[in-house]
């Protein structure tokens, strides 16, 4: 029984970790066709901002976490304007050289990966130069709950709740609001959306901002439980990329489903054989999933749905 | 461009027929001037150890082989792989394990072969799963990236004594020291390439020592470069480029796209394995940092900056970037490297060497005559 509780808690923990790690990446990839290799560094910005807001400015933890998300979101918008769309450099070069110097990186997957990797090098090393190899951490809030001979950090259970809440909020934002309608129209057919009066440029900017803010919030949420060093973003990358690959084209549903499936695999194997085997199992699961479902889980669901429609 | 195949045939001289195998639309540099320049560059590299630090340059040339492997896989076949270092590392570790267990000249020679085969085989296995599993485009990239991270995690935790193959302990983060000195040949007829400087005396310069390893690597690099030029300008190379430009169209023409990608990926793996073997042999040591995220992206940086569709670009950029990286070894080095990468990919997406070539051709022909430079990129079309 107690072992069952252990496993359930570990599953919640893995689920929250995967969903939070992947959410920002999935939105930016699914909607803009941009692979953000600086995703880990966006998480870093959120984590550092939240931590410094608590230790230096003395803000309450919850406020600090929101600040972490907001600052990262703003940084994301800046990144989008300067690097991804090249709007600001092009504005300057139009005035001085009379031509554009940068092609937007939308749907140029390989180029976007290389460019954002350059950004990630700058950010990691910049953080190391500015803040050193580590900064003071904030204490884990809420204490622990105990059952039987075990105890478990309450904060980690809160994290699972927050991850579900974020998924729901993102789902609501992209399916039930005017903004979501415009964003989805931009993904489906950029030209038609423009013709219908959607400012697609602004949609891309805001989407990148929201994806970045989610990454930053992830960093802020995990700030009390991971060590604060410039490379902290790396530990999210495997889970984030695997979840995006396994999830497939539908952003929110895909992230939720792959978080569930991969979370179960990660929790089970980590619980039985240790963290390393858990990670290997995660990769093997991803390889198997891609071998049989090349478009991920949601691509497979979409295929089933189409087949049923055809047979009707 | 001056080559006219209708004009070719038996009445052409042997050198020009030989030369035509190295030239074609898929590589830059087909003028007489280019080959003269190439010969001069090789001559400079041959005498370089007399004046400069040949040991450092030999490391850069080893890494240039790794850059070439990515250039073939990504630049010519369109498969962006962050996993070249996986095959590089597997080649290096295989070389280490085999040579430590069989530390005789014959055993070490076999270890070199084993390292190359190890790199190729691991690429074949990963490639089989990906390409025959229908994994495409960016998902291939993500899987190669994830396998790099997993290899790093795996090798980093092999510190315990249970992680040993024969007498070779994998050693976790501490790596694998005491790799035997690279010796090629069989018992009785072998030659040691590492720590076996060759004393020379030239009138006017004086006495100096040259390292046989430097010349081994130089020979391998030139051979690989010319060999790859033949490959990418052959019929098979044209199919590779067709796959890069438009997979669906190439499939429609009756080519087995999956097999082309699989074969090229395996070849790239073997080449990365060779590079890894030489890396481990030169340093007499190998550790898991070769699987780290930074090292995994270095080949992508070299190839992007030099020009992914140019073999020469890969070699030149590897040498240049590594030289910069070593000589700026301060904490700002990575920031500058990142900025260089970012600016190159944004402003010169096709890379530095093709851009330079374009400028040279334009000045020679005069503006307006150099057609084709603005030809639309087929890969940017929407394929579905």
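FYI, it's all coordinate maths here, none of it is from the lab. Since we're looking at a predicted model, the values are computed, not measured. Neighbour counts run over all protein chains shown; Cβ positions are idealised from the backbone, glycine included.
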Please list the equivalent ellipsoid semi-axes of chain A, computed as the square roots of five times the alpha-carbon gyration tensor eigenvalues, in descending order and whole angstrom.
32, 27, 17
So the FRET efficiency between residue B:14 and residue B:50, C-beta based with R0 = 56 Å and rounded to 0.05, is 0.95
Pseudo-spin-label distance residue B:161 to residue B:347, built 7 Å along Cα→Cβ, given in nm, is 5.8 nm
Can you give the average number of partner chain beta-carbon atoms within 10 Å of each beta-carbon in peptide A:96-105, as a whole number?
2
Relative contact order of chain B: what whole-number percent is it, with Cα pairs under 8 angstrom and at least 6 residues apart?
28 percent
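Counting helices only, and only those DSSP H runs with n ≥ 4, report the 222 nm mean residue ellipticity of chain A as the sum of -39,500 (n - 2.57) divided by its residues, in deg cm²/dmol to the nearest 500.
-25500 deg cm²/dmol
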Average partner chain C-beta neighbours within 10 Å, per residue of B:131-138?
4
Sort B:356-362, A:22-28 by the packing proxy (mean of other Cβ within 10 Å over each peptide's residues), most packed first.
A:22-28, B:356-362
Given the options B:139, B:76, B:285, which has the most mean-square fluctuation in a GNM of chain B, springs set between C-alpha atoms less than 10 angstrom apart?
B:139
Cα extents of the stretch B:54-292 along the three principal axes, largest first (Å):
61, 52, 29
Among B:188, B:96, B:107, residue whose mean-square fluctuation peaks in a GNM of chain B (springs only between Cα atoms under 10 Å):
B:188
Between residue A:177 and residue B:323, what is the FRET efficiency for a Förster distance of 60 Å, r being their Cβ-Cβ separation, to the nearest 0.05?
0.70
Using only atoms on other chains, find how many Cβ atoms lie within 10 Å of each Cβ of peptide B:151-159 and report the average.
2
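Sorted by mean Cβ packing within 10 Å, highest first, what order do the peptides B:308-318, B:16-26 take?
Ranking, from highest mean packing down: B:308-318, B:16-26.
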Using packing as a proxy for protection, rank A:161-173, A:7-19, B:336-348 so that the peptide with the highest average count of other Cβ atoms within 10 Å comes first.
A:7-19, B:336-348, A:161-173
So, for the Cα atoms of the stretch B:11-167, Rg and Dmax in Å stand at 20.2, 67
Once you place label points 7 Å from the Cα toward the Cβ at residue A:225 and residue B:219, how far apart are they in nm?
5.8 nm
Once you put a point 7 Å from the Cα of residue A:139 and another 7 Å from the Cα of residue B:117, both along the Cβ direction, what distance in nm separates them?
6.1 nm
As an exercise, use a Förster radius of 51 Å and the Cβ-Cβ distance of residue A:201 and residue A:291 to find the FRET efficiency, rounded to the nearest 0.05.
0.85
Return the equivalent ellipsoid semi-axes of the protein assembly as shown as a descending list in whole Å, where each equals the square root of 5 times an eigenvalue of the C-alpha gyration tensor.
44, 32, 25
